[in-house]
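Presented below is the structure to which this report refers.
The values are calculated or read from the model by the stated rules, or taken from the named source; none is laboratory data. Note that this is a predicted model, so its numbers are computed, not measured. Here the Cβ positions follow ideal geometry from the backbone for every residue, glycine too, while neighbour counts run over all protein chains shown. Accessible surface is based on the protein model in full, side chains and every heavy atom, while ligands, DNA and RNA are left aside. Shrake-Rupley method; radii C 1.70, N 1.55, O 1.52, S 1.80 Å.
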Amino acid sequence: MKFDPSCIQFRLTAGMVLASILGFGGMTAWSNFRMQHILIKGHKDNAVEIAERFGQDVAWMDKTMPSTKALEKVINYRSTADTVIWIRSPDGTLIAQSDTLEMGSWKQDGLAEELLELSPGHKLESIQIQDRTLIVCISPLDVNGNLLGDLFVIDDITQNQASFAAVTRDLTIGSIFVIGLSALVIAIYVRQSIKPVCKMNELAANVTPENLADTHLEFDRAPTEVRDLAKAFNMMLGRLSGAWEQQRRFVSDVSHELRTPLTLVHGYLQSTLRRCNTLTEPQREGLEIAASEADRTIRLLQDLLDLARADGGHMRFHIERVPLKEIILEIIEMSSYSSDRVKADIQMPGFEARADCNRLKQVLINLIDNAVKYSDADTVVTVRLKQEGEWAVIQICDRGRGIPTTDLTQIFEPFYRVDEDRCRTTGGTGLGLSIVKTLVEGMRGKIKVQSKPGEGSIFTVSLPT
Ligand code: ADP
């Protein structure tokens, strides 16, 4: 299948995938942000609580033991492996510190020394020292209304941060996986939903005047919009088929109604010309022109009638095995051309094909007539018969002026004539080749043309054997 970025399927899929990326991605980012915020806030609250209760705890202990001892006791009671506490007097002397500060993990790389350098004041923040994340809470320590100095509470949250990063990573990988999976599901779903539209497109592309009346779109399980569209499309096809039928009947009726009186007129003109000896030369000439125009119009009406009948499916074909050589020779003999104008080249004598004898004769007469009409009188028109696989092939070849390439695809259209023939001198109606095509296809055959301007044309009729 061709990739088309402007098709509905691609747009819907891309839109839904984008929406799921924004949805899942946004949710992951938001929960990361919230978790990080809650983690830091929880540790800050913990540090603040230690700082707030520290003064009360020391005041309580002060009653039973000397001050320094009370401070050390409370410090060791409040500090943990990840939380260190120390107190510095207003003149900068270290009054007391938690034992954990002496532990290896805090001593490593001079972290404890670096921390003890922290300047006093009021501070609550998260800082990054070396590769550790620390919550720092520094506040004045007040015991029974006396300012003892500054209390430093440091909480190491590096481990928690690492666990949090692992959760974030898992969440991100999970989101990517879910997004990929949903993209796949969405693509399949959209493809399934769009299928009836593609089917409809296919059917619409194959509608021709012949199958117009029989084409009907049926989508029982399609989405409502597609079913409505199919219904509207069916109604349109119905109207189109009605209009087509009406036009065909009109052409057929008019041709029929005009042909009868015109045949009478033509008959009268002919008999007047034959019997009346008193006509002056100008009168005779006028009547001859009228008779020839009437004849041309009768032929045109007959062609129109044939086409209308064929289009309406009212043309009957009596398909039987016909001897092609005999038919070709009969047509050449029957035609009034001079003996060296049309020649037969038959490679397969006794060869038969499945066709309607009379319609085939009509086809050959039309094609040979054209070949003679559109080539010089001193050139030969050859009718060739040969076999190609399952097909009997009849070729009518002339050495005439040929057909321009731009006209080749259109010459089988009704009333189409190559520019230089659009005058009436050659006497054609422009319907001959469309009748030929209709007849050949009615006999389940094929017709094609090859032509080179200035060199001649070859019309090839293939009939099933
Ligand atoms: P017409 O009645 O004008 O001959 P046709 O349908 O038979 O109508 O042919 C359509 C047009 O195709 C002709 O007007 C002519 O221009 C062209 N044509 C048909 N056969 C030949 C041919 N053998 N050589 C050159 N042009 C041809």
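Numbers at a glance
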{"item": "Residue among Ser182, Ser139, Ser175 that alone is of a type in the set (Ser, Thr, Tyr), assigned by TED's automatic domain parsing to the domain that holds Asp62 and more than 30 Å from Met235 (Cβ to Cβ)", "result": "Ser139"}
{"item": "Gly286 vs. criteria not in a helix (DSSP H, G or I) and not acidic (Asp, Glu)", "result": "no"}
{"item": "Matching entry among Thr68, Thr64 (being more than 11 Å from Asp99 (Cα to Cα) and open to solvent by 80 Å² or more (accessible area, probe 1.4 Å))", "result": "Thr64"}
{"item": "Check on Ser163, open to solvent by less than 30 Å² (accessible area, probe 1.4 Å), small (Gly, Ala, Ser) and under 17 Å from His43 (Cα atoms)", "result": "no"}
{"item": "Odd one out for Lys386, checked against (1) in contact with a helix residue (DSSP H, G or I) (Cβ under 9 Å, 6 or more places away or on another chain); (2) under 19 Å from Gln347 (Cα atoms)", "result": "(1)"}
{"item": "Filter result for Leu433 (near the ligand (Cβ under 8 Å from one of its atoms) and open to solvent by less than 50 Å² (accessible area, probe 1.4 Å))", "result": "yes"}
{"item": "Candidates Asn370, Asn358, filtered to the one that is of a type in the set (S, T, N, Q) and within 27 Å of Pro404 (Cβ to Cβ)", "result": "Asn370"}
{"item": "Matching residues, segment 326-341, being surrounded by fewer than 14 Cβ atoms within 10 Å (Cβ to Cβ) and aliphatic (A, V, I, L, M)", "result": "Met334"}
{"item": "Odd one out for Ile154 among (1) open to solvent by 50 Å² or more (accessible area, probe 1.4 Å); (2) at pLDDT 85 or above; (3) not in a helix (DSSP H, G or I)", "result": "(1)"}
{"item": "Any hit, segment 399-414, residues being within 9 Å of the ligand (Cβ to nearest atom), over 44 Å from the mean Cα position of the chain (by Cα), open to solvent by less than 50 Å² (accessible area, probe 1.4 Å) and at pLDDT 90 or above", "result": "yes"}
{"item": "All positions within segment 329-358 that are more than 16 Å from the ligand (Cβ to nearest atom) and charged (D, E, K, R)", "result": "Glu330, Glu333, Asp340, Asp345, Glu352, Arg354, Asp356"}
{"item": "Any pair with Cβ under 8 angstrom, 6 or more apart, that starts in segment 185-198 at a residue that is more than 10 Å from Thr13 (Cα to Cα) and ends at one that is open to solvent by 90 Å² or more (accessible area, probe 1.4 Å) and β-branched (Val, Ile, Thr)", "result": "Ile194/Ile8; Val197/Ile8"}
{"item": "Close pairs (7 angstrom Cβ cut-off, 6 or more residues apart or separate chains): in the same structural domain as Asn366 (by TED's automatic domain parsing) and at negative phi in segment 389-417, part of a helix (DSSP H, G or I) and among the polar types (S, T, N, Q) anywhere", "result": "Phe412/Ser434; Glu413/Ser434; Pro414/Ser434"}
{"item": "Conditions (1) of a type in the set (Gly, Ala, Ser); (2) modelled with pLDDT under 85; (3) part of a loop (DSSP other than H, G, I, E, B): number failed by Gly110", "result": "(3)"}
{"item": "Test: residue in segment 369-389 that is open to solvent by less than 30 Å² (accessible area, probe 1.4 Å), under 13 Å from Val461 (Cα atoms) and either within 12 Å of the ligand (Cβ to nearest atom) or aromatic (Phe, Trp, Tyr) (or both)", "result": "no"}
{"item": "Qualifying position, being of a type in the set (Phe, Trp, Tyr) and farther than 25 Å from Ala204 by Cα, among Phe250, Phe219", "result": "Phe250"}
{"item": "Which listed residue, of Ala232, Ala213, Ala187, is surrounded by 15 or more Cβ atoms within 10 Å (Cβ to Cβ) and either charged (D, E, K, R) or under 23 Å from the mean Cα position of the chain (by Cα) (or both)", "result": "Ala187"}
{"item": "Segment 131-142, subset in contact with a Gly (Cβ under 8 Å, 6 or more places away or on another chain) and open to solvent by less than 10 Å² (accessible area, probe 1.4 Å), residue nearest to Ser105 (Cα to Cα)", "result": "Ile138"}
{"item": "Selection status of Glu293, open to solvent by 40 Å² or more (accessible area, probe 1.4 Å), within 17 Å of Gly428 (Cβ to Cβ), without any contact (Cβ under 8 Å) to a residue 12 or more places away in the chain and out of contact with any helix residue (DSSP H, G or I) (no Cβ under 6 Å at 6 or more places or on another chain)", "result": "yes"}
{"item": "Residues that are surrounded by 14 or more Cβ atoms within 10 Å (Cβ to Cβ) and modelled with pLDDT of 90 or more, drawn from segment 306-325", "result": "Ile319, Val322, Pro323, Leu324, Lys325"}
{"item": "Condition met for Gln128 (loosely packed, with under 12 Cβ neighbours inside 10 Å and in the same structural domain as Leu18 (by TED's automatic domain parsing))", "result": "yes"}
